[in-house]
Structure formats: C-alpha cells, structure tokens
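Before any comments, here is the structure.
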Amino acid sequence: AQSVTQLGSHVSVSEGALVLLRCNYSSSVPPYLFWYVQYPNQGLQLLLKYTTGATLVKGINGFEAEFKKSETSFHLTKPSAHMSDAAEYFCAVSRAYPGGGNKLTFGTGTQLKVEL
Amino acid sequence: GAVVSQHPSRVICKSGTSVKIECRSLDFQATTMFWYRQFPKQSLMLMATSNEGSKATYEQGVEKDKFLINHASLTLSTLTVTSAHPEDSSFYICSARSQAGVTTQYFGPGTRLTVL
C-alpha cells in the first residue's frame with residue numbers, strides 16, 4: 001500500500017519569498033514521486049518527478065524537490081515566489097507494477113497563495 | 001509534446017440522462033488511460049484504469065455499470081456516466097501513459113459535469 005500526506009492545506013507566502021510545500025509518503029517498495037500543479041478549473045500539470053538517480057530533482061518554473069529516503073519526504077521548494085505560482089499543488093506517489101503500469105496515489109493538495 | 005485533451009470541457013445535463021466524455025492523447029499513443037474524479041477542494045480519486053483493447057479495471061467502490069469506460073484505440077478513451085444523478089456532479093479528469101514513459105501520466109484539462 002502507498003499513501004501521501006501533505007502538511008498544510010493552505011500555505012501563504014509573500015512574493016519573492018521562499019516557497020516550501022511539504023510531502024511525506026509511505027510505500028512498501030521504492031517509490032516514484034511526483035509534484036503536480038493545478039490551476040482553477042484545469043487539469044494537472046507535471047512539475048517534476050523522481051524515479052531513480054539524483055535525489056535533488058529540478059522541475060519547471062524554478063521548482064525543485066529533494067527525495068529523502070530516511071525522512072520519507074519529497075518537499076517542494078522554490079527560492080522566490082511569483083504571483084503566477086498561486087495554485088493547488090499535489091504530491092503523488094506511485095510504484096512500478098509488473099508489465100510496466102503504474103497507479104498514482106495523490107495527497108490532499110496544498111493551496112498556495114502568493115501575496116504582494 | 002504529451003498533450004491530452006478532453007471533450008467537452010463543461011456539460012450540464014438532466015437527471016436520468018447519460019453523458020459521454022472523451023479523452024484523447026494528441027501526440028502520443030497511450031496504452032493506458034486513467035479516469036479520476038475530483039470533488040470541490042479535494043484530491044483526485046482514481047476511478048478506473050483503462051488499457052487499450054481490454055476491459056477497464058475499476059477501483060473499489062466505483063460502479064462499473066454506471067461509469068462505462070471504453071478504450072478502443074491507442075489515442076481515445078471514453079467515459080460514459082449512465083443515468084446521471086446530481087451526486088454524480090463532479091470534475092472528471094483523465095490521464096494517459098505513453099508506451100515509452102511508463103512512470104509519467106499526462107493529464108487532460110478536465111470535464112466539469114453538472115447534473116440538474
């Protein structure tokens with residue numbers, strides 16, 4: 001079984017400040033980890049993913065995340081928030097299934113608000 | 001690349017009618033497509049996994065006779081909500097997995113269904 005916990009359903013930062021969105025996972029096997037962003041009334045856009053290799057993953061729009069196995073975490077960060085970053089962010093975990101499939105389990109999401 | 005479209009983006013129907021939602025992968029072949037449901041301010045819940053040319057696999061608690069899924073080609077999957085009722089009103093999102101990139105799902109923009 002696998003699960004994702006996102007601490008903080010709402011996070012508010014000032015424009016230009018550090019963004020930190022927390023994600024902890026539970027998985028019985030080495031996980032694949034993802035961050036998605038969702039703007040109002042739209043689908044999800046992939047920000048970044050970790051599968052294997054380097055634990056610090058860089059994504060689009062200046063976001064990055066670090067896989068920390070010892071802490072079972074995959075927190076999302078961005079050095080300087082922009083107004084356009086205001087959106088809902090979802091952390092997700094999946095694992096490989098025989099035959100190459102994968103199923104995503106999503107966290108409950110974190111609404112990021114960016115203030116002037 | 002990796003664009004997934006959904007049609008329609010919004011649909012309003014009367015209670016008791018059926019509604020079909022299309023999900024298309026525009027620039028890649030999708031051997032597997034996934035259908036999710038998202039309630040307001042909540043996370044995505046996987047409804048079913050659809051493999052091209054075979055029957056869909058439904059998650060526990062999802063009525064397969066109510067949510068009919070067809071994946072007749074490598075670029076098209078359809079979800080039909082049969083005899084829709086107001087409680088079926090939701091945001092339905094599909095995603096597709098390409099043959100080459102088994103770890104990543106690409107999401108459509110979603111379909112807002114309102115049942116009166």
Legend entry - For region A:41-56 and region A:69-84, distance of Cα centres in Å: 12 Å
Legend entry - Other protein chain Cβ atoms within 10 Å, averaged over every residue that makes up A:57-69: 0
Inset, instruction - Within 10 Å of each Cβ in peptide A:36-44, how many partner chain Cβ atoms are there on average? Round it to a whole number, please. - result: 6
Legend entry - Entries of A:58/A:103; A:103/B:20; A:68/B:64; B:20/B:55; A:103/B:55; A:49/B:66 with Cα pairs more than 27 Å apart: A:68/B:64; A:49/B:66
Legend entry - Simple spin-label estimate for residue B:114 and residue B:3 in nanometres, 7 Å along Cα-Cβ: 2.8 nm
Legend entry - 14 Å cut-off, amide nitrogen to a point 7 angstrom out along residue B:85 Cα→Cβ, residues in region B:1-40: B:15-17
Legend entry - Most mobile listed residue (A:59, A:16, A:43) in chain A, GNM with C-alpha springs under 10 Å: A:43
Inset, instruction - Multiply the residue gap between residue A:7 and residue A:108 by 0.36 nm, knock off their C-alpha separation, and tell me the result in nm, one decimal place. - result: 35.5 nm
Legend entry - Free-standing Cys residues across chain B, given no other cysteine C-beta under 4.7 angstrom: B:13
Legend entry - Relative contact order (%) - region A:10-116, alpha-carbon pairs under 8 angstrom, separation at least six: 36 percent
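Just so you know, all these numbers are worked out from the coordinates, no wet-lab data involved. All figures in this text were calculated on a predicted structure; none of them were measured in a lab. We place every Cβ from the backbone using ideal geometry, glycine too, and count neighbours over all the protein chains shown.
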